[in-house]
Amino acid sequence: MRIVKKRRRVSIIGAGNVGATTAQKIVENGLADVVLLDIRDGVAQGKSLDILEAGPLMGFDTRIVGTGRYEEIADSSVVVVTAGFSRKPGMSRDDLLHKNGEIIRDVAHNIRKFAPDSIVIPVTNPMDLMAYVLWRVTGFPRERVIGMGGALDSSRFAYFLSEETRTSVSNIQSLVMGGHGDQMVPLLDFSTIAGVPVRKMIPAERLEAIVNRTRNGGAEIVHLMKDSSAYFAPAAAIYSMIESILHDRHRIIPSSVLLEGEYGIKGAFVGVPVRLGNQGLEEIVQLPLSAEESSQLAHSAAVIAEGISALKRLFNDFSA
Ligand code: APR
């Protein structure tokens, strides 16, 4: 008997810069087939066709379908959520929370209906809060809702460390925990260059400058690009998470997951190091933090908890 093994399917909701770039990486590397979905008619279809037309040049046979119909996300192993808006001038944090919260609530209903066994990767900002919405509305176990944040923040940190020390990025291990955004907590004792803790390699004031640059990594890009936010590095961060899941590699990648007492935090999605395999979140890695790092993490979690309270008020505790 001939065994026909179907390629895995990854769906991406939102065919904007982050969604389409992630789709391109997945398809070009032959990792999975992709369904790219967007609410704007023709955008997902057009970008998918454009990516497929590169197949003969790049030599890939993986497929991508552009669509506006949620039926097509059926049988997805992973669903990445990038749909939504970024904050515009004059928009308050609550405005954005409301606007993206509504979009994500709708997306979550559709994921629950059409891809009930998938692992969801929330990306839309404010990511830690949108992860909470996806978790609440899908009703998925926490093992299957894993937000992208720490992978990107850690990669930015690692890149700046490599630039500072003129050392290959392959020698650098870096770890950033906490909320995705200016609440992040870079862990210097767990960030090393060829195994040597960064504090032993880089003077304190330079290290502080690098940490600050990492904290503002997203804003630095928006400042340069003006009408767009980052998408190449975010897409690479999403890709690395999906690759560890689909290939069951058990890589430890900092991601935003629902904490149930780990690190002394309960009921909020916060960035922590997690092991990712084909069941999704396999383990939350508990590190011995210094007193200062613990208090920074607690502060970060408190800010996220306030956001969750605001979300519950805005959405009537998701009872509708
Ligand atoms: N359903 C599906 N797609 C939607 C919906 C919806 N309800 N609402 C908006 N979209 C689509 C838009 O049509 C657009 O194509 O989401 C896409 C968002 O793309 P961009 O505006 O290019 O934003 P992008 O840079 O990709 O960032 C997406 O990721 O990193 C975060 O902060 C970033 O929240 C933002 C998200």
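Residue count for segment 31-47, restricted to those that are more than 8 Å from the ligand (Cβ to nearest atom) and assigned to a loop (DSSP other than H, G, I, E, B): 4. With the structure loaded, tell me whether S240 is farther than 30 Å from S92 by Cα and either in contact (Cβ under 8 Å) with a residue 24 or more places away in the chain or basic (K, R) (or both) or whether it fails that test. The answer is yes for S240. Looking at segment 6-29, is at least one residue open to solvent by less than 100 Å² (accessible area, probe 1.4 Å), within 15 Å of the ligand (Cβ to nearest atom), touching a Gly at 6+ places or on another chain (Cβ under 6 Å) and more than 16 Å from Y239 (Cβ to Cβ)? No: zero hits. Put simply, of D106, D117, D95 the only residue that is within 12 Å of the ligand (Cβ to nearest atom) and out of contact with any helix residue (DSSP H, G or I) (no Cβ under 8 Å at 6 or more places or on another chain) is D106. What about G90, is it more than 13 Å from the ligand (Cβ to nearest atom) and closer than 25 Å to L311 by Cα? Yes: the conditions hold for G90.
Among all positions in segment 272-285, there is at least one residue which is within 27 Å of N17 (Cα to Cα), more than 16 Å from the chain's Cα centre (by Cα) and either crowded, with 18+ Cβ neighbours inside 10 Å or not assigned by TED's automatic domain parsing to the domain that holds T21 (or both). When residues in segment 192-235 are screened for being within 25 Å of the chain's Cα centre (by Cα) and on the phi > 0 side of the Ramachandran plot, 1 of them pass. Among the residues of segment 57-87, those that are assigned to a loop (DSSP other than H, G, I, E, B) and open to solvent by 100 Å² or more (accessible area, probe 1.4 Å) comprise D61, R63, R69, D75, R87.
Within segment 48-65, being closer than 25 Å to I245 by Cβ, within 16 Å of the ligand (Cβ to nearest atom) and not aliphatic (A, V, I, L, M) holds for one residue alone: S48. Can you find a residue that is buried (at least 19 other Cβ atoms within 10 Å of the Cβ) and without any contact (Cβ under 8 Å) to a residue 40 or more places away in the chain anywhere in segment 48-56? Yes, because at least one residue in segment 48-56 is buried (at least 19 other Cβ atoms within 10 Å of the Cβ) and without any contact (Cβ under 8 Å) to a residue 40 or more places away in the chain. Checking each residue in segment 66-85 for being near the ligand (Cβ under 10 Å from one of its atoms), over 13 Å from the mean Cα position of the chain (by Cα) and hydrophobic (A, V, I, L, M, F, W, C) picks out only F85. D227 meets the conditions (1) surrounded by 21 or more Cβ atoms within 10 Å (Cβ to Cβ); (2) part of a loop (DSSP other than H, G, I, E, B); (3) not aromatic (F, W, Y) in every case but one. The failed one is (1). A search for C-beta distances below 6 Å between a residue of segment 293-320 that is under 21 Å from G139 (Cβ atoms) and any residue that is among the charged types (D, E, K, R) and open to solvent by 60 Å² or more (accessible area, probe 1.4 Å), counting only pairs 6+ apart in sequence or on different chains, returns F318/R136. A search for C-beta distances below 7 Å between a residue of segment 153-172 that is touching a residue at least 24 places away in the same chain (Cβ under 8 Å) and any residue that is charged (D, E, K, R) and assigned to a helix (DSSP H, G or I), counting only pairs 6+ apart in sequence or on different chains, returns F160/R213; E164/R206.
The values are calculated or read from the model by the stated rules, or taken from the named source; none is laboratory data. Values in this document were obtained by computation on a predicted structure and should not be read as measured data. Note: ideal-geometry Cβ built from the backbone for every residue, glycine included; neighbour counts use all protein chains shown. To get the accessible areas, we keep the full protein, side chains included, count just its heavy atoms, and leave off ligands, DNA and RNA. Shrake-Rupley method; radii C 1.70, N 1.55, O 1.52, S 1.80 Å.
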